[in-house]
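Trainee: The structure under discussion is supplied below as structure tokens; questions concerning it will follow.
All of the numbers you see were taken from the coordinates with simple rules; none came from a lab. Computed from a prediction, not measured in an experiment: that's the story for all the values here. For neighbour counting, all protein chains shown are included, and Cβ atoms are generated from backbone atoms with ideal geometry for every residue, glycine included.
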Amino acid sequence: MGKYIKFFLVGIFFGIILVKSEAVSWYRIFEMFKFQSFHMYGIIGSAVVTGIFLLTLARVLKLKTTENSYIKVPLKERGFKRYIIGGSIFGLGWALAGACPGPMYILIGTGALSILIVIAAALLGTFVYGLLREKLPH
Amino acid sequence: MEYILQPWPWYISGPCIALVMFLLLYFGRTFGMSSNLRTLCTIGGAGKRAEFFNFNWRSQKWNLIVVLGAVLGGFIAHNFLSNPINIDLSQNTINDLEALGFNNAGQSLLPPELFSWDAVFSFKGFLILLMGGFLVGFGTRYAGGCTSGHGITGLSSLQLPSLIAIIGFFIGGLIMVHLIYPILF
């Protein structure tokens, strides 16, 4: 159990940020896709810039993980179709449900229990992808 | 304390999210929330129906723990760290939503027009949540990541596949909001 505490704490931190930043709000996602506010772009943009900085720092300083290997991000497979088609399908759902996977879980904590239907549907979607995987262009 | 109780500006929230990504890398893991959907399918026995779900889900236990923490974090932030104030949406957004039939935009996290129990138990409302969730679950696994995996982790490590996925996220999102919403609402 002890080795999982740190992940639990990171999760708590993540949940708090996403609520306090309003990124869990359906309204903010709608606003983003309407290009009517800088808010969400600011969040994602500053996260990416900070992320690039931290990863560069880790590489330059040769930082190691708690498991004693170098800090390294696993590479995504090369490809185009799966990213553009899968991404577009994800985008349709993101804009309709107003929540991506992280916020879905976090919204449970805010007491918005109807999000459980969205989560159940997302599980179904993942399951159907698993069934059709071999037949889809990747 | 007053600063904590107010909504956090993007330039605080964004770097904090990057910190979450970095902490998980530091612990030898990768930040990605949608992987948990696959893990939950596997726990539910989906491996009997599709090879994709045949993996040792215990290797992903840490990520489920992150999710549990996130739920608690959401509870704490919502109940103890927030003054009840409206989301400061742009006036254009509020007007556009009103034209679509969404009133009082920003007075709650989620629109009651979609997420109240009345809405959920109407045929149309239920279908909307069902479709939204399904597309997210299907699309994220097809694309191999979501906003956290591609958007934050992938872009931070300058990976081209993630950039393509993000472009896809926006193609889908823009089609939904600009072309499909006027038909749906």
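Trainee: What's the whole-number percent of alpha carbon pairs in chain A lying beyond 18 angstrom? Intermediate results must be reported in sequence, preceding the final value.
Mentor: On the way: 6614 of 9453 pairs.
Value for chain A: 70 percent of Cα pairs lie more than 18 Å apart.
Trainee: Residue by residue, what Karplus-based ³J(HN,Hα) values in Hz, rounded to whole numbers, does the range B:147-164 have, using 6.51, -1.76 and 1.60 with θ = phi - 60° and x for Gly and Pro?
Mentor: The phi angles translate into 4, 7, x, 8, x, 9, 5, x, 5, 4, 9, 6, 9, 4, x, 5, 5, 4 Hz.
Trainee: Separate question: So what is the 222 nm mean residue ellipticity for chain A from helices alone, if each DSSP H run of at least 4 adds -39500 (n - 2.57) and you divide by all residues, rounding to the nearest 500 deg cm²/dmol? Before the final figure, lay out the partial values.
Mentor: On the way: 6 runs with 90 residues, N = 138.
-21500 deg cm²/dmol, from helical runs alone.
Trainee: Which whole-Hz ³J(HN,Hα) couplings does the range A:42-58 yield from phi under the Karplus relation 6.51 cos²θ - 1.76 cosθ + 1.60, θ = phi - 60°, glycine and proline marked x?
Mentor: So the Karplus estimates, Gly and Pro as x, are x, 4, 5, x, 6, 5, 5, 4, 4, x, 4, 4, 5, 5, 5, 4, 4 Hz.
Trainee: Evaluate the protein assembly as shown: find the radius of gyration of its Cα atoms, find its Kirkwood radius, and give the ratio Rg to Rh.
Mentor: Details: Rg = 18.6 Å, Rh = 19.6 Å.
Dividing the radius of gyration by the Kirkwood radius yields 0.95.
Trainee: Using only alpha-carbon positions, what ratio does the radius of gyration of the range A:62-138 give when scaled by 2.2 N^0.38 Å?
Mentor: Details: Rg = 16.7 Å, N = 77, 2.2 N^0.38 = 11.5 Å.
Here the Cα radius of gyration is 1.46 times the empirical estimate.
Trainee: Can you give the longest run of chain A that contains no trypsin sites (Lys or Arg not before Pro) sitting in a DSSP loop with at most 14 other Cβ atoms inside 10 Å?
Mentor: Values: sites that count: A:62, A:72, A:78.
Within chain A, the longest run free of exposed trypsin sites (Lys or Arg not before Pro) spans A:1-61.
Trainee: Choose one answer from B:15, B:112, B:161: the residue with the largest mean-square fluctuation in a GNM of chain B with alpha-carbon springs under 10 Å.
Mentor: Residue with maximal mean-square fluctuation among B:15, B:112, B:161: B:15.
Trainee: Once the piece of chain linking residue B:2 and residue B:117 is laid out straight, how much longer is it, given 0.36 nm per residue of separation minus the C-alpha distance between them? Don't jump to the answer; show the numbers that get you there.
Mentor: Details: separation 115, 0.36 × 115 = 41.40 nm, distance 3.32 nm.
Extending this stretch completely gives an extra 38.1 nm.
Trainee: Per DSSP H run of at least 4 residues, take -39500 (n - 2.57); add these up for chain B, divide by its residues and hand me the 222 nm value, nearest 500 deg cm²/dmol.
Mentor: -17500 deg cm²/dmol
Trainee: Looking at the P(r) of chain B, how many percent of alpha-carbon pairs lie beyond 21 Å? Don't skip to the end; give the middle numbers.
Mentor: Numbers: 10983 of 17020 pairs.
The proportion of pairs with Cα distances above 21 Å equals 65 percent.
Trainee: Another question, if that's okay. In 5 Å bins starting at zero, report the fraction of Cα pairs in the range B:1-108 per bin as a rounded %.
Mentor: Binned Cα distances yield the sequence 2, 9, 13, 14, 14, 14, 13, 10, 8, 3, 0.
Trainee: Return the tail of the calculated pair distribution for the range B:116-185, meaning the percent of Cα-Cα pairs more than 18 Å apart.
Mentor: Details: 1185 of 2415 pairs.
The answer is 49 percent, as a whole percent.
Trainee: Need one number: nm distance between label points at residue A:78 and residue B:95, each 7 Å from Cα along Cα→Cβ, rounded to one decimal.
Mentor: 4.9 nm
Trainee: Once you average over the residues of B:31-40, how many Cβ atoms of partner chains fall within 10 Å of each Cβ?
Mentor: On the way: counts 5, 3, 8, 7, 2, 7, 10, 5, 1, 5.
The mean count of partner-chain Cβ atoms within 10 Å per residue comes to 5.
Trainee: Which is farthest toward the positive dipole end of the protein assembly as shown among B:123, B:41, B:104, measuring Cα position about the Cα centre, with Cβ charges +1 (Lys, Arg) and -1 (Asp, Glu)?
Mentor: So the residue furthest toward the plus end is B:41.
Trainee: From the phi of every residue in the range B:121-129, what ³J(HN,Hα) in whole Hz does the Karplus formula 6.51 cos²θ - 1.76 cosθ + 1.60 yield, where θ is phi - 60° and glycine or proline is x?
Mentor: 8, 8, 4, 5, x, 5, 4, 5, 5
Trainee: If we count other beta carbons within 10 Å of each Cβ, what is the order of A:49, A:24, fewest first?
Mentor: Lowest count first: A:49, A:24.
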